[in-house]
Amino acid sequence: MESLDAVDLQGFLGGRVEQGYKATSTARMLSAMRKLFQYLYREKYRTDDPTALLRSPKLPSRLPKYLSEQQVGDLLNTPNVDIPLELRDKAMLELLYATGLRVTELVSLTIENMNVQQGVVRVIGKGNKERIVPMGEEAAYWIRQFMLYGRPILLNGQSSDIVFPSQRAQQMTRQTFWHRVKHYAILADIDGDTLSPHVLRHAFATHLVNHGADLRVVQMLLGHSDLSTTQIYTHVAKERLKRLHERFHPRG
């Protein structure tokens, strides 16, 4: 272990590639090696960290999973709004699709950051960055319904600043919300392979681009600091690309 250098490690990783191992597997291997050599260096078993000279293998960029507009409609119409808990879920799903919030941003929303009358929500995102996002009439309607008829029952006399509290009047975890989404997806007969915790965030962005929204506007709404992060949605906005091709290609 003491005699291994960067050339040895690079040769080992290169051999894995030649043997047909995927880049993701090799990247995990390199990550484990880095942790090991960082430990050896920190504890003075080695005088250097050879992994500092190694580059991570380039991983294929995966397109985000998203739902069609029909699937989103089916999902949002699944909760039984006569049940307070499901009325909460209905309002959360509507708001998520209307705003493209991250799940962590959604479950941590407080009353002071929600202005249903003006139809906007104030979000504190990654890096403590603040943005104002419009919610639209449909989401605003269901939030009002929840605030009037569902939230008081869930709180049961307790107080909470969280807009969408759990049954214990506490902030819901993102894992709990994800389980709720999967539950409704099953009821809506939506394929589990298309699901992810941010499935409605991806649908929000993709559908906006499909309908002609400017990419920089989508960037602002999503809270992306870099436009390149948002550009991936141009690759999944198939319907808009088809329409543009039909409109401008001489044989479209």
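The values are calculated or read from the model by the stated rules, or taken from the named source; none is laboratory data. Remember, it's a predicted structure, so these values are computed and weren't measured experimentally. No Cβ is skipped: glycine too gets one built from the backbone with ideal geometry, and neighbour counts run over all protein chains shown.
The figures follow:
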| read-out | value |
| --- | --- |
| Positions within segment 146-165 being closer than 14 Å to residue 91 by Cβ and either under 21 Å from the mean Cα position of the chain (by Cα) or among the acidic types (Asp, Glu) (or both), in sequence order | 162, 163, 164, 165 |
| Segment 1-29 residues that are farther than 18 Å from residue 41 by Cβ and loosely packed, with under 15 Cβ neighbours inside 10 Å, paired with ones that are among the hydroxyl-bearing types (Ser, Thr, Tyr) and at pLDDT 85 or above (beta carbon under 7 Å, 6 or more apart) | 17/26 |
| Among (1) at pLDDT 90 or above; (2) within 23 Å of residue 108 (Cβ to Cβ); (3) aliphatic (A, V, I, L, M) - the single one residue 203 does not satisfy | (1) |
| Segment 70-118: number of residues that are farther than 16 Å from residue 180 by Cα and in contact with a helix residue (DSSP H, G or I) (Cβ under 6 Å, 6 or more places away or on another chain) | 3 |
| Residue match in segment 220-227 (condition: in a helix (DSSP H, G or I), at pLDDT 80 or above, in the same structural domain as residue 135 (by TED's automatic domain parsing) and closer than 15 Å to residue 72 by Cα) | no |
| Single residue of 32, 98, 6, 52 found to be closer than 30 Å to residue 147 by Cα and of a type in the set (Gly, Ala, Ser) | 98 |
| Among the residues listed as 168, 151, the single one being among the charged types (D, E, K, R) and buried (at least 16 other Cβ atoms within 10 Å of the Cβ) | 151 |
| Residue within segment 31-54 that is touching a helix residue (DSSP H, G or I) at 6+ places or on another chain (Cβ under 8 Å), touching a residue at least 24 places away in the same chain (Cβ under 8 Å) and under 30 Å from residue 202 (Cβ atoms) present | no |
| Checklist (1) within 25 Å of residue 124 (Cβ to Cβ); (2) in contact with a Phe, Trp or Tyr (Cβ under 8 Å, 6 or more places away or on another chain); (3) modelled with pLDDT under 95 applied to residue 194, failing item | (1) |
| Number of the condition not met by residue 58 [criteria: (1) in contact (Cβ under 8 Å) with a residue 24 or more places away in the chain; (2) surrounded by 13 or more Cβ atoms within 10 Å (Cβ to Cβ); (3) of a type in the set (Lys, Arg)] | (2) |
| Criterion (outside any loop (DSSP other than H, G, I, E, B), in the same structural domain as residue 137 (by TED's automatic domain parsing) and either basic (Lys, Arg) or on the phi > 0 side of the Ramachandran plot (or both)) met by exactly one of 88, 34, 16, 28 | 88 |
